[in-house]
Each structure stands twice: as C-alpha cells, then as structure tokens.
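First the structure, in the form of structure tokens, and then the observations on it.
The values are calculated or read from the model by the stated rules, or taken from the named source; none is laboratory data. What you are looking at is a predicted structure, and each value in this text was computed from that prediction instead of being measured. Reconstructed Cβ throughout: ideal geometry from the backbone, glycine too, with neighbour counts over all protein chains shown.
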Amino acid sequence: MNCPHFEETAMTVDARTTAEAEVLDVVRRLITETIGEEYLLDLEIGMDTSFEDDLEMESIEFVKFGAKLTEHYGGDVDFAGFLADKDLDEIIEMRVGTVVEYVLSVRN
C-alpha cells in the first residue's frame, strides 16, 4: 500500500529524531565543557536529565552553559530570553530535553 502522506510523515519523524539526537549531542558536549568531564564520569546525560538534581549545576555554570549554547547556535538561540519567560520553579525543574526542544523550535 502506497500512502504518500504516511511516507512524508515518517520522513518528518525521522528527520526530527535525527535533529533531536544532533542537538542532544551538542548540549551534552557543552554541559561537559561547562561543568567538567571528571564530574560526569558516572552520569549519562539524556533528555530527562535534570540540571538541578542530576547535574547539580550552579547558577554561574548555568549562565556559562547558556552563553556556550548561544555561541554555538548563534543569536537566534537566546537562552537568557528563553529563561526570562520561565518562573523560578520551571528553571529549577528544567531538564536537558527542555533545552533540546527549545533549540529545535528556534532552528525550525
């Protein structure tokens, strides 16, 4: 059965999955550069990893990470602006996947 709409949707899902994996890899690298590889020896950074609970990032590290993110992706990824729209609880509970989704939304 040949269904063009299904094929188009499947390709879109595949492209999104690939883009998500690529952004996640960049975010992992930038987190590692920010907090140090020695800290992450036993931690696998994934979409559900919490900046607060899992990574225990200090606020200055979060700022550095945001600067690295903007430097890597350019001015369209305004991490400070993204955070400005969040309340304190949302920032404290933020997961890596939230940042990945934000970058993907800005890049599309």
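Could you tell me how many of the residues in segment 57-98 are in contact with a strand residue (DSSP E or B) (Cβ under 9 Å, 6 or more places away or on another chain) and part of a loop (DSSP other than H, G, I, E, B)?
2
Just to be sure before I move on: is Asp48 of a type outside the set (A, V, I, L, M), at pLDDT 95 or above and assigned to a loop (DSSP other than H, G, I, E, B) in the structure I sent? Spell out the reasoning first.
Details: of a type outside the set (A, V, I, L, M): yes; at pLDDT 95 or above: yes; assigned to a loop (DSSP other than H, G, I, E, B): yes.
Criteria met by Asp48.
Looking at segment 24-41, can you tell me whether even one residue there is modelled with pLDDT under 95, in a loop (DSSP other than H, G, I, E, B) and either farther than 18 Å from Ala67 by Cα or touching a strand residue (DSSP E or B) at 6+ places or on another chain (Cβ under 6 Å) (or both)?
Within segment 24-41, one or more residues are modelled with pLDDT under 95, in a loop (DSSP other than H, G, I, E, B) and either farther than 18 Å from Ala67 by Cα or touching a strand residue (DSSP E or B) at 6+ places or on another chain (Cβ under 6 Å) (or both).
Pull out all pairs, ordered by first then second residue, where Cβ-Cβ is under 8 Å, the residues are six or more apart or on different chains, the first lies in segment 86-108 and is touching a residue at least 60 places away in the same chain (Cβ under 8 Å) and of a type outside the set (A, V, I, L, M), and the second is part of a helix (DSSP H, G or I) and loosely packed, with under 13 Cβ neighbours inside 10 Å.
none
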